[in-house]
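Take a look at the structure below.
The values are calculated or read from the model by the stated rules, or taken from the named source; none is laboratory data. Everything numeric here is computed off the predicted structure, so don't read it as measured data. Don't worry about glycine lacking a Cβ; one is built from the backbone with ideal geometry, like all the others, and counts go over all protein chains shown. Quick note on the areas: whole protein, heavy atoms, side chains included, nothing else; ligands and nucleic acids left out. Shrake-Rupley method; radii C 1.70, N 1.55, O 1.52, S 1.80 Å.
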Amino acid sequence: MVKGVLYLNHGTIVKVSGPLVVAEGMRHASMFDVVRVGKANLIGEVIEMHGDRASIQVYEETEGLGPGDVVVSTNLPVSVELGPGLIGSIFDGIQRPLDEIMKISGHNLTRGVMVPSLNRERKWNFVKCVNEGAYVEAGDVLGTVTETEVVVHKIMVPYGVSGTILKIEEGSFTVTDTIAVVETEKGKVELAMMQTWPVRKERPYQKKLPPEMPMVTGQRVIDCLFPVAKGGVAAIPGPFGSGKTITQHQLAKWAEADIVVYIGCGERGNEMTDVLMEFPKLVDPRTGKSIMERTVLIANTSDMPVAAREASIYTGITIAEYFRDMGYSVALMADSTSRWAEALREMSGRLEEMPGEEGYPAYLGSRLAQFYERAGRIVSLGSEKREGTLTAIGAVSPPGGDFSEPVTQATLRIVKVFWGLDANLAYKRHFPAINYLTSYSLYVDTLEKWFDENISPLWCKLRIRMLQTLQDEAELEEIVKLVGMDSLSPQDRLKMEVARSIREDFLHQLAFHEVDTYTSLEKQFLLMRLIFEYYDEAVILLKDGGNIEEIVNIPVREAIGRFKYVKEEEIHARYADISEKIRNELKALAGKEEI
């Protein structure tokens, strides 16, 4: 048993099947209770009850367990600790801090290690926002802690607590020290900077609002063609090697979010290592500080216990909801939900449940929906009106890139944005390899007003023209494959050239180029305008008898292609220069005087 804790009940193991343990004598336990299994005190969770017989998924390696070993229930659900110390940390799937575990067990995870999620010794400087005698309710901000240089952590009144503040202190405290005493209807309640929350339960809010503004990512194919709204949900399915992870890394680095929660769920350890090595070195363009100063990492890699993958998704989204409740814009990246679904499939098989398609449990769709539905734009609890957003982006890894498999199909029934990665584009070194013919965003209509008011009324028109040109190119390519390029009319050849410019100059983006890795909306708009200014002027010249070979080979086209490498502070001057060159060079072809 766990030292220093008295339990009223314990059961006995009767069966061990991989991560599944069945115990009898668990009549006092409840569904989703945390249990301690065997002499090593392994962490588990009750996932099924039949009388006093409990089925438990164990989040650690079960080697050495056997019938007769003791199982002890804590009578508490799987919960996360929420408070100062989350930002910049890396946790495993059940919120154990991996750096603290490493100090105890070395480079390999030792079973049964018990480490508090938040540091109990570190002191934080608490600054109060309310005074004694004030009435507070759940969600009200008691005070703030400067957690990093870019994140002000708001200490909120826990859910279920309301009353008059009898005492509140400023100063340096640990997360468990009492900072305030509240007189409630049921008596005095002492409040600390830390609170806990069960991971499978959605955190409450006043009301949900429609998503009406985009989450700017700096990735042109996303922001322009297939935008995601703040508080929206998106999926990135794609086969191995198509760039799911690098796309999610780019979103984590550059998305317009105050807080990023990155969940490495069942992916390879080297990918999480890349995140750990890269993020501290990356400079946030908005703050000038390291991106790790606004990031929380959940690492449950493929060599860690399979069952803990299932918890990692819920752990990550509960932490994200906590920062959302403070009024922040939060972006959650889950890489990948396919590995999470595989953990569900394994546990379902060991429970001998009736399998659904391809062996996945019949409730796969509802579990995915429960996860994604926790995203959104909300008004948080409390007397002060705070708006927060939680945007959820999940990677899906269909075997062989088969989008008809159950996890991808269940995900697509839920999400509003589909960024379908294409192996053929990836082989052509076209990154991001998002297929511009099959991907879609259902937020386009609701975001149109925002783009009209904040960028330009032309934004949506140019977007539609761009998609139409790419669609026309795909149809013309079928003709070219049959009868060759020479069979096309000059107008169609020009359209093919403009479509190539859209693909190579606009959609293709270098993640590791210091300038091209991020593109502001203003720069994206100017680049779209340059491409279509050339197109519109060239169409007029063609109608007047211009030569198609000369038109497509004018020198200014190279300048249009290199516009994406222009630094943000120089874009307007460079745009004016290239725009003038387009007119002058095409007029020169027409034999007219330059202006």
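General observations
- Selection of the range 412-452 for residues being in contact with a helix residue (DSSP H, G or I) (Cβ under 6 Å, 6 or more places away or on another chain) and in a helix (DSSP H, G or I) yields ALA423, GLU448, PHE451.
- Of all the criteria given as (1) within 23 Å of MET272 (Cα to Cα); (2) open to solvent by 30 Å² or more (accessible area, probe 1.4 Å); (3) in contact with a strand residue (DSSP E or B) (Cβ under 8 Å, 6 or more places away or on another chain), the one not satisfied by GLU342 is (3).
- Of VAL145, VAL141, VAL157, all but one fail to be crowded, with 17+ Cβ neighbours inside 10 Å and either modelled with pLDDT under 95 or touching a Lys or Arg at 6+ places or on another chain (Cβ under 7 Å) (or both); the exception is VAL141.
- Scanning the range 248-260 finds one or more residues that are of a type outside the set (A, V, I, L, M, F, W, C), crowded, with 24+ Cβ neighbours inside 10 Å and in contact with a strand residue (DSSP E or B) (Cβ under 7 Å, 6 or more places away or on another chain).
- For the range 457-470, a residue qualifies if it is open to solvent by less than 80 Å² (accessible area, probe 1.4 Å) and outside any helix (DSSP H, G or I), and exactly one does: LEU458.
To keep it simple, each residue is scored yes or no on (1) under 26 Å from GLU293 (Cβ atoms); (2) in a strand (DSSP E or B); (3) out of contact with any His (no Cβ under 7 Å at 6 or more places or on another chain); (4) not aliphatic (A, V, I, L, M).
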| site | (1), (2), (3), (4) |
| --- | --- |
| VAL115 | yes, no, yes, no |
| GLU121 | yes, no, yes, yes |
| ASN131 | no, no, yes, yes |
| LYS154 | yes, yes, yes, yes |
| VAL161 | no, no, yes, no |
| LYS167 | no, yes, yes, yes |
| VAL175 | yes, no, yes, no |
| ILE179 | yes, yes, yes, no |
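- Residue in the range 300-318 that is assigned to a strand (DSSP E or B) and either crowded, with 24+ Cβ neighbours inside 10 Å or of a type outside the set (Phe, Trp, Tyr) (or both) present: yes
- Residue count for the range 578-595, restricted to those that are without any contact (Cβ under 8 Å) to a residue 24 or more places away in the chain and open to solvent by less than 30 Å² (accessible area, probe 1.4 Å): 1
- Of residues in the range 273-293 being out of contact with any Phe, Trp or Tyr (no Cβ under 7 Å at 6 or more places or on another chain) and open to solvent by less than 10 Å² (accessible area, probe 1.4 Å), the one farthest from THR315 (Cα to Cα): ASP284
- Candidates VAL37, VAL46 - the one that is in contact with an Asp or Glu (Cβ under 6 Å, 6 or more places away or on another chain), without any contact (Cβ under 8 Å) to a residue 60 or more places away in the chain, crowded, with 21+ Cβ neighbours inside 10 Å and hydrophobic (A, V, I, L, M, F, W, C): VAL46
- Scan of the range 443-456 for residues that are in contact with a Phe, Trp or Tyr (Cβ under 9 Å, 6 or more places away or on another chain), surrounded by fewer than 18 Cβ atoms within 10 Å (Cβ to Cβ) and of a type in the set (A, V, I, L, M, F, W, C), ordered by number: ILE455
- Here MET194 fulfils each of the conditions (1) closer than 29 Å to ASN119 by Cβ; (2) open to solvent by less than 30 Å² (accessible area, probe 1.4 Å) apart from (2).
- On the stretch given as the range 345-362, residues that are in contact with a strand residue (DSSP E or B) (Cβ under 7 Å, 6 or more places away or on another chain), under 25 Å from ILE263 (Cα atoms) and charged (D, E, K, R) total 1.
- Within the range 221-236, the set of residues being among the hydrophobic types (A, V, I, L, M, F, W, C) and either over 13 Å from the mean Cα position of the chain (by Cα) or open to solvent by less than 10 Å² (accessible area, probe 1.4 Å) (or both) comprises VAL221, ILE222, CYS224, LEU225, PHE226, VAL228, ALA229, ALA234, ALA235, ILE236.
- A single member of SER439, SER404 is open to solvent by less than 30 Å² (accessible area, probe 1.4 Å) and either touching a Phe, Trp or Tyr at 6+ places or on another chain (Cβ under 7 Å) or not β-branched (Val, Ile, Thr) (or both), and it is SER439.
- Number of residues in the range 345-385 that are touching a helix residue (DSSP H, G or I) at 6+ places or on another chain (Cβ under 6 Å), surrounded by fewer than 16 Cβ atoms within 10 Å (Cβ to Cβ) and modelled with pLDDT of 95 or more equals 0.
- With respect to (1) under 33 Å from the mean Cα position of the chain (by Cα); (2) within 18 Å of ILE531 (Cβ to Cβ), the lone exception for THR446 is condition (2).
- The residues of the range 471-525 that are among the acidic types (Asp, Glu), farther than 30 Å from VAL283 by Cβ and in contact with a Lys or Arg (Cβ under 8 Å, 6 or more places away or on another chain), listed by number, are ASP472, GLU473.
- Hits in the range 366-392 - residues which are farther than 19 Å from GLU212 by Cβ, over 13 Å from the mean Cα position of the chain (by Cα) and not hydroxyl-bearing (Ser, Thr, Tyr): ARG367, LEU368, ALA369, GLN370, LEU381, GLY382, GLU384
- Test for THR174: is it open to solvent by less than 20 Å² (accessible area, probe 1.4 Å), under 30 Å from VAL35 (Cβ atoms) and modelled with pLDDT of 95 or more: yes
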